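Only one structure is covered here, and it is reproduced in the block below.
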Amino acid sequence: MSDLVPFAVAVPIFGSIVALAAGVFRSKSGWAVAVGASVLQLAVAGTLAASAFGDERISYVVGGFDVPFGIELVVDGLSATVLLLVAGVALGVLAYARRAGPRSNPFYATYLLLVAGLSGMTVTGDLFNMYVFLEITGLAAYALVASGEDGRSPVAALKYLIVGTFGASLFLLGIGYAYIGTGTLNMADLAVKLAESAAVDPTLAQAAFALIVVGLFIKVAVFPLHTWQPDAYAGAPDTVSGLISALVSTVAAYALLRVVYTVFGTGFLESNPVAEAMLVGGAVVSIVVGSLLAVSQSEVKRMLAYSSVSQFGLIVAAVAIGNTTALVGAAIHLVGHAVMKGGLFLTAGLVATETGARTVEEFNGLVDRSPVGAGAFGVLAVSMVGVPPTVGFAGKWYVAVGAAESGAWALLAVIVASTLLTLAYFARLVERMFFREPAPQPAVERAGATTSAEPADAVADGGGGDPRGASLGMYATVVGAAVLAVALGFAAFGYGELLEPTIERLLLSP
Amino acid sequence: MVDPLVPPFVPVLLAAVLLPFLGRRTGHALGALASAAVVPYVWLVTEGAHLPVQLFGFDAVLFNVDPFSTLMGVIFGFIGAIGVLYSYASDAENLQTAFALGYVGTSLGAVFGGDWLSLIFFWELMAVTSTLLVWHYGGKAVRAGFRYALAHGIGGTLLLGAVIWHFAETGTFLFGSVPGGPETAGMAGGVAPVLAALGIGVNVGFIGLHAWLPDTYPRPHVAASVFLCVFTTKTGVYGMYRVFPQDGNVAVAYMGGAMAVFGATMALFQNDMRRLLSYHIQSQVGYMVAGVGIGGALAQAGAFAHVFNHILYKGLLFMTAGVVVYRTGEESLKKLGGLASEMPITAGAFSVAALSIAGFPGFNGFVSKGIVISASHYAFEKGPVVLGEFYTLELLLLVGGVGTFMSFIKFGYYAFFHGTYDGSVRDANRGQSVAMVTVAALCVVYGLFPGALFALLPFDVTSAAVVAHVYHTYTTSHILEGVALAALGLVGFALVKKPLSGLGRVPDVDNVHNSVTFYATRALVVGVTELYAAVDRVVVATASATTAAVRAPGAVAGRVTGSDDPVSLRADYSTSILLVAVVLAVLVAASVSL
């Protein structure tokens, strides 16, 4: 079983190479390769997840070295969850990408490289290895953002690259400090060494923590380190927005959780109130300011991007609370948010493909023009607000209960208020979609006149015979995301019980 | 004996609902029948029977039978039937009679409620139905109806407050006499009785709270007045008894005495027939309130005997006044006169009713008023003023009696006997005559055979085992007292006849509180409107500013920083890196140094 772990990373990397090579012989064969690799990846992830929720974690050491010197790959309930999410979302977005594009082989090669990086970050048990996969993820993501056809994409990608690399460097710097202090890079070993406070200079550990957290905050896009994120999400092609909004920040948040609890541990947080204050502060500011910025956006995709800033604030809050209930909530909300936000971006893309509507105002009376899009968007928005029985509710519920359990009343108030803030920006869209008359000048005409500003449309125009055609795959993905957002809400509580042993072990680790 | 299957208000309210859809004759027949059927029904139901239910989730009793409620039910049912007959004969519309029957039904519900919750429930419904009855006439009655509704809204709210307070004290709404009720009857605690007395005080017309009474009752249809004069005030007396079921209350007793004098005096100044009669309601209810306030078997028996008799003769008085208005179209005594020869039946009925209300020997008012006065002598404190054999409250009640004689001599003199009437007027029609003669006959029967009345009373006033002082109706001193009052009334009327005729409208407290209410309401409305406008301005300004800030944050930031151009709030590359560096510096410094 443990021999299967490296395949979670190797399969997409191999797929990526095959996709690139296949392009030499036959153009536009990348999609088929990507689907094949993703199906295989999903099978691997599923098999691993089936046995990961037990008492024992699955461990594999690369290259026949011994722990802690070799690179260890570890799968427990938490990483299995994220791995499954990565594989599932990657496959789902592919169904959407078939028509929406981009369609070149290098695109799918990069796509699979991103999946490989994300999978690697998820399963690695080695801190430096995590940095490597973080960089792979980042570079693939910059390239994907840049794959749009208008001028916005490269500019956004460049900003993403500069800020993201800065963040990764800080992460590396933090790892360096930790390595100086402990002489090891294996997470479990680091945890043991850091816990022996006599062996490590506390200043060194604190500096390492601050650097790593700031680096990951950039990747998670916590306010005010989020500046790359709205541009990147809004500037990227719709397919890419859906993929990276669902996965990149999610895996970064998972990495934050992993580093805070597997490497530094609860004891470090207890003895360093500043460390905890850092997390709480980032969470509160992100939740509130992210929501306020989302309200003030006029472009739907930018609004969704700022919504992510706010939602990840919630997950950072759960990490800061750090009891079993809150961390189960963090896991549920990671999965739920990925499904909902990815679904929302893809729905926004579908709506733009069908009607050309990209701004909040153009969503007026959308239900007449794009009933599926408006319906899916409505369900996902309601779920994001956290209305029972959706998955958005389940995640927030666990986090809120966790906050109450540990007596963090101020944080609880912010978490509850976040629901209202989320309502503030989604309610106005829902109201416009379902209860307003369409604008007198149809958005379709305007979009048609300025096609160059609409990358997804431009791609659709160039490829298919039907200029505005949305394929069955696009509809299926969007509707599937909406159905999943509700269905996962029912599954969430059973999953929470399943995950509890893993989280308890995580909190107990030295 | 009959089992208590259905509360007595049910058939009456059913008839009220059906009435508007039936023909005039059928509908009124049904209404009269439903109301009349209540009389034998409640008379035959076993005492102590009750019908427990759940009202709004609380224990309640809808059909509580004890001697007090039986007496109220008998007379309410009877006068309800008479009133429907009179309405039919006086060309009342079906809808008006339906409202009137609704009023009868809710009153029956109130007096048969075995708990405060159903009492207050029907109490408020009475206010609603009676207001509708007033409003239905239109014209001046509408504004009077509003004032009436306002007064009863305030009174009902006070009583509701008392009921809730009582519930908080005892944990149950039930009356003390009902199984499962609290150990002590009446309102519990210190505040609840005061609130209840004030709230009920509006209904019975405490001085100062009475202005709605002469304001409202003269205005609607003549048949509506017959209903109005009966139910609200008498249910109030019944409610007052429930608040003070044992020893009464001294203040309430004196208030009753004062009402008797005040009402009779104000009545003397009136020229509008129904307004004069309305003040007499206050005066007569004063006797009943005094009886309830004195407390004890004798006084309570007297109070309820007076309720019973009063409903008969006051209904009759409003019927006769109604016939005069119906036939002549005149409301004012100044424009009437010499009607005795034109309307002998009406004049005869009026004479019987007037002698009854004034308490002349041989008529029913003499019997019941005598019991109350007797109780005020034998069962009550002497009070501050004692004149020979007579004590304070007794004196008040006797003076009220003289005033009553004077004002009814005035009514009769100017309406029926003074001068001659120009032209010819027909007498009451057949239906009106039947109604009036029936009631007049009862007034005389109960006057001549007081035993028939005593049989109805909750306490046997002729038994030394029950009452403190055995009451004998026809003793020499009693008869002398009655005749002396009449003589004083005659002499008094002869003395004040001249000055009275020159008197204009005498102001009552409503002159003060109507204007106070008017200006206070206006001030309140203007104040609220202005406040709302001010709040509205602030809110709109804040909302506009917020909207502007949300729509174009850059422009707002530009204004704040003093530049005309909008500030770009999107972080470019360098700003992003700067932000990262600043956050990093702050966090590292914080975590390392602390």
- From the list B:133, B:95, pick out the single residue that is more than 21 Å from residue B:208 (Cα to Cα), in the same structural domain as residue B:47 (by TED's automatic domain parsing) and under 18 Å from the mean Cα position of the chain (by Cα). B:133
- Query: over 22 Å from residue B:243 (Cβ atoms) and assigned by TED's automatic domain parsing to the domain that holds residue B:188, is that true of residue B:106?
  - Reply: no
- Query: What pairs come up if the first residue lies in the range B:21-40 and is in the same structural domain as residue B:80 (by TED's automatic domain parsing) and under 21 Å from residue B:308 (Cα atoms), the second is not in a helix (DSSP H, G or I) and not aromatic (Phe, Trp, Tyr), and their beta carbons are under 6 Å apart, counting only those six or more places apart or on different chains?
  - Reply: B:38/B:8
- Message: Just to verify a result, which residue in the range A:84-100, among those that are buried (at least 24 other Cβ atoms within 10 Å of the Cβ) and not hydrophobic (A, V, I, L, M, F, W, C), is modelled with the highest pLDDT?
- Response: A:92
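Tell me the residue from B:78, B:56 that is closer than 19 Å to residue B:127 by Cβ, surrounded by fewer than 24 Cβ atoms within 10 Å (Cβ to Cβ) and in contact with a Leu (Cβ under 9 Å, 6 or more places away or on another chain), please.
Values: B:78 fails: closer than 19 Å to residue B:127 by Cβ.
Result: B:56 is the single residue among B:78, B:56 that is closer than 19 Å to residue B:127 by Cβ, surrounded by fewer than 24 Cβ atoms within 10 Å (Cβ to Cβ) and in contact with a Leu (Cβ under 9 Å, 6 or more places away or on another chain).
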- Task: Check the range B:343-356 and report whether any residue there is among the hydroxyl-bearing types (Ser, Thr, Tyr), in contact (Cβ under 8 Å) with a residue 12 or more places away in the chain and crowded, with 24+ Cβ neighbours inside 10 Å.
- Result: yes
- Message: When you check residue B:402 against the structure, is it out of contact with any strand residue (DSSP E or B) (no Cβ under 7 Å at 6 or more places or on another chain), in the same structural domain as residue B:448 (by TED's automatic domain parsing), surrounded by fewer than 24 Cβ atoms within 10 Å (Cβ to Cβ) and at pLDDT below 80, yes or no?
- Response: no
- Task: Answer with yes or no whether residue A:223 is touching a Ser or Thr at 6+ places or on another chain (Cβ under 7 Å), at the interface with chain B (Cβ under 8 Å from one of its Cβ atoms) and of a type in the set (Phe, Trp, Tyr).
- Result: no
- Query: Has the range A:56-75 got any residue that is at pLDDT 90 or above and crowded, with 24+ Cβ neighbours inside 10 Å?
  - Reply: no
- Note on the structure: When the range A:57-78 is checked residue by residue, the ones that are small (Gly, Ala, Ser) and assigned to a helix (DSSP H, G or I) are A:63, A:64, A:77
- Message: I'm told residue B:261 meets every condition in (1) β-branched (Val, Ile, Thr); (2) within 17 Å of the chain's Cα centre (by Cα); (3) in the same structural domain as residue B:440 (by TED's automatic domain parsing) except one. Can you identify the failing condition by its number?
- Response: (2)
- Is there a residue being within 26 Å of the chain's Cα centre (by Cα) and within 14 Å of another protein chain (Cβ to nearest Cβ) anywhere in the range A:119-140? no
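Can you tell me which residues in the range B:100-141 are polar (S, T, N, Q), out of contact with any Ser or Thr (no Cβ under 8 Å at 6 or more places or on another chain) and either modelled with pLDDT of 90 or more or within 25 Å of residue B:59 (Cα to Cα) (or both)? It would help to see each step written out before you state the result.
First, pick out the residues of the range B:100-141 that are polar (S, T, N, Q): B:106-107, B:118, B:129-131.
From what's left, out of contact with any Ser or Thr (no Cβ under 8 Å at 6 or more places or on another chain): B:118, B:131.
Answer for the range B:100-141, where residues must be polar (S, T, N, Q), out of contact with any Ser or Thr (no Cβ under 8 Å at 6 or more places or on another chain) and either modelled with pLDDT of 90 or more or within 25 Å of residue B:59 (Cα to Cα) (or both): just B:118.
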- Qualifying residue in the range A:238-255 (condition: within 12 Å of chain B (Cβ to nearest Cβ) and not charged (D, E, K, R)): no
- Note on the range B:579-594: residues more than 7 Å from chain A (Cβ to nearest Cβ) and more than 11 Å from residue A:166 (Cα to Cα) are B:582, B:585, B:586, B:589, B:593
- Query: Which residues, taken from the range B:528-561, are within 13 Å of chain A (Cβ to nearest Cβ) and either hydroxyl-bearing (Ser, Thr, Tyr) or assigned to a helix (DSSP H, G or I) (or both)?
  - Reply: B:546, B:547, B:548, B:549, B:550, B:551, B:553, B:554, B:555, B:556, B:557
- Return yes or no: is residue B:89 buried (at least 21 other Cβ atoms within 10 Å of the Cβ) and farther than 22 Å from residue B:232 by Cβ? yes
- Which numbered condition residue A:231 fails, given (1) charged (D, E, K, R); (2) in contact with a helix residue (DSSP H, G or I) (Cβ under 7 Å, 6 or more places away or on another chain); (3) more than 9 Å from every other protein chain (Cβ to nearest Cβ): (3)
- Across the range B:40-91, what is the total count of residues that are modelled with pLDDT under 85 and among the β-branched types (Val, Ile, Thr)? 6
- Item | Failed item, numbered, when residue A:305 is tested on (1) more than 14 Å from chain B (Cβ to nearest Cβ); (2) at pLDDT 90 or above | (1)
- Message: Please go through the range A:151-201 and give me each residue that is within 13 Å of chain B (Cβ to nearest Cβ), more than 23 Å from the chain's Cα centre (by Cα) and free of Cβ contacts under 8 Å to residues at least 24 places away in the same chain, ordered by number.
- Response: A:201
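The values are calculated or read from the model by the stated rules, or taken from the named source; none is laboratory data. Not measured: the values here are computed from a predicted model. FYI the Cβ positions are ideal-geometry reconstructions off the backbone, even for glycines, and counts take in every protein chain you see.
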